[in-house]
Amino acid sequence: MPDIACVNGHVSPLAEAVVSIEDRGFQFGDGVYEVIRTYRGQPFAFDEHFARFERSAQALHLSLGHGKDQWVAWVREGLRLSRFPETKIYLQVTRGQAPRDHPFPSTVLPTTVLTFRELHPLDASIRTEGARAITLDDIRWGRCDIKSVNLLANVLARQRAKEAGVFEAILVRNGLVTEGSVSNVMIVRNGVIETAPEGHQILSGVTRAMVLELVRKEGLPVAETFVGREDLLAASEVFLTGTTVEVLPIVQVDGQGIGAGVPGPVTQRLARRWESLTG
Ligand code: PMP
């Protein structure tokens with residue numbers, strides 16, 4: 001089967017799936033989404049992702065259109081039909097199709113979309129050698145905790161990273177590191193793992209929370225606190241967390257080597273723990 005889509009409950013090959021140009025997702029970016037991956041064919045941390053999906057929708061006074069049971073049934077059906085070794089499951093809901101006008105339409109059904117595509121893991125070499133990043137001004141809006149489909153600032157940042165030939169753009173607001181364009185950022189300084197606190201400035205990553213749980217289980221000290229760009233550059237280790245990046249070492253930022261310029265021991269330990277959690 002090719003990539004699959006499910007639009008308002010209608011399942012089809014992804015290439016045949018359509019929504020109206022009057023959809024508010026298309027017109028205003030008026031919608032929220034989630035990306036969930038499978039390990040061994042099973043959706044990973046589905047409940048955590050769905051809880052965030054609900055929180056994002058609620059923050060925008062948006063309805064998910066159907067209850068969790070229906071979304072779970074669609075996910076099962078998509079996985080049954082697509083049958084990839086591993087799948088990237090995308091969930092999206094928008095405020096629906098209505099004549100273009102900024103305020104919420106009074107009667108409108110939300111548009112629900114799921115897609116199922118093959119997940120291609122990152123090159124093993126980027127995990128063993130570590131990745132590079134640049135820092136950029138965080139120009140996003142004031143509610144980065146909402147996983148909205150309005151990703152223009154993230155798109156621009158990731159494009160800048162691509163043009164610079166590096167993996168990720170690490171965003172900095174008023175001198176403080178918030179997160180990556182598609183990931184959360186953690187540093188190791190004096191043996192302490194430091195990462196930006198939850199709040200409006202970052203997306204509360206499902207992977208971030210699970211990695212912090214691993215960190216605490218390992219008995220490593222943690223500080224959920226903002227660090228400066230200078231702290232990032234001077235850290236002994238830097239790594240990213242996220243659904244697709246998992247635990248990914250960063251060995252160079254803005255052309256400067258981090259620590260010894262190779263993946264550090266704490267990052268490697270957590271990457272191994274992540275593998276055993278998911279493998
Ligand atoms: N921050 C941003 C901006 C992201 O897009 C992502 C990826 N969803 C993350 C953090 C990591 O979140 P998660 O671990 O839930 O995938």
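One decimal place: the segment residue 117-residue 8 gains 37.4 nm when fully extended, by the rule 0.36 nm per residue minus the C-alpha distance.
For residue 143 and residue 102 in one chain, what is 0.36 nm times their gap in residues minus the Cα-Cα distance, to one decimal in nm? Mind dumping the intermediate values first?
Working: separation 41, 0.36 × 41 = 14.76 nm, distance 1.88 nm.
Full extension of this stretch gives 12.9 nm more.
Between residue 77 and residue 159, the simple label model (points 7 Å from Cα in the Cβ direction) yields a spacing of 3.6 nm.
Kindly give the semi-axes, whole Å and largest first, of the ellipsoid equivalent to the chain, taking each as the square root of 5 times a Cα gyration tensor eigenvalue. Intermediate values should be presented prior to the final figure.
Numbers: eigenvalues 222, 93, 56 Å².
Computed over the chain, the values are 33, 22, 17 Å.
Here the 3J(HN,Hα) profile of segment 189-194, calculated from phi with Karplus coefficients 6.51, -1.76 and 1.60 at θ = phi - 60°, is 9, 6, x, 9, 8, 10 Hz, Gly and Pro shown as x. Determine the shape class of segment 124-278: with a ≥ b ≥ c the square roots of the Cα gyration tensor eigenvalues, call it rounded for a/c under 1.5, and otherwise prolate if a/b is greater than b/c, oblate otherwise. Rounded is the answer for segment 124-278, as its axis ratio a/c remains below 1.5. How would you classify segment 3-52 from its alpha-carbon gyration tensor, with a ≥ b ≥ c the square roots of the eigenvalues: rounded for a/c under 1.5, else prolate if a/b is greater than b/c, otherwise oblate? Note, shape of segment 3-52 comes out oblate. A cut-off of 5 Å between modelled amide H atoms, ignoring neighbours fewer than 5 places along the same chain, links residue 4 with 14, 116.
Per DSSP H run of n ≥ 4, the term is -39500 (n - 2.57); total these for the chain, divide by its residue number, and report the mean residue ellipticity at 222 nm rounded to 500 deg cm²/dmol. Please report the intermediate quantities before stating the final value.
On the way: 8 runs with 84 residues, N = 279.
One gets -9000 deg cm²/dmol as the mean residue ellipticity at 222 nm.
Please compute the length gained on full extension between residue 15 and residue 128, using 0.36 nm multiplied by the number of residues separating them and subtracting their Cα-Cα distance. Walk me through the numbers before you get to the answer.
Values: separation 113, 0.36 × 113 = 40.68 nm, distance 3.56 nm.
Going from the current span to full extension adds 37.1 nm.
Among 68/162; 147/217; 162/217; 88/147, which pairs are too far apart, with a Cα-Cα distance over 25 Å?
On the way: 68/162 36 Å; 147/217 28 Å; 162/217 36 Å; 88/147 17 Å.
In this structure, 68/162; 147/217; 162/217 lie more than 25 Å apart at Cα.
Accessible area per residue for the chain, computed on protein heavy atoms with a 1.4 Å probe, is 49 Å².
Taking amide H atoms as placed 1.01 Å from N in the peptide plane, the amide H of residue 203 has no partner under 5 Å among residues 5 or more positions away or on other chains.
How would segment 1-130 be classified by its alpha-carbon gyration tensor: rounded, prolate or oblate, with rounded meaning a/c under 1.5 and the a/b versus b/c comparison settling the rest? Prolate shape, in that a/c is at least 1.5 and a/b is the bigger ratio. The mean sequence distance of close C-alpha pairs (under 8 Å, at least 6 residues apart), as a share of the length of the chain, puts its relative contact order at 17 percent.
The values are calculated or read from the model by the stated rules, or taken from the named source; none is laboratory data. Quick caveat, the model's predicted, so the values are computed rather than measured. Don't worry about glycine lacking a Cβ; one is built from the backbone with ideal geometry, like all the others, and counts go over all protein chains shown. We work out accessible area using only protein heavy atoms, side chains counted, and drop any ligands, DNA or RNA first. Shrake-Rupley method; radii C 1.70, N 1.55, O 1.52, S 1.80 Å.
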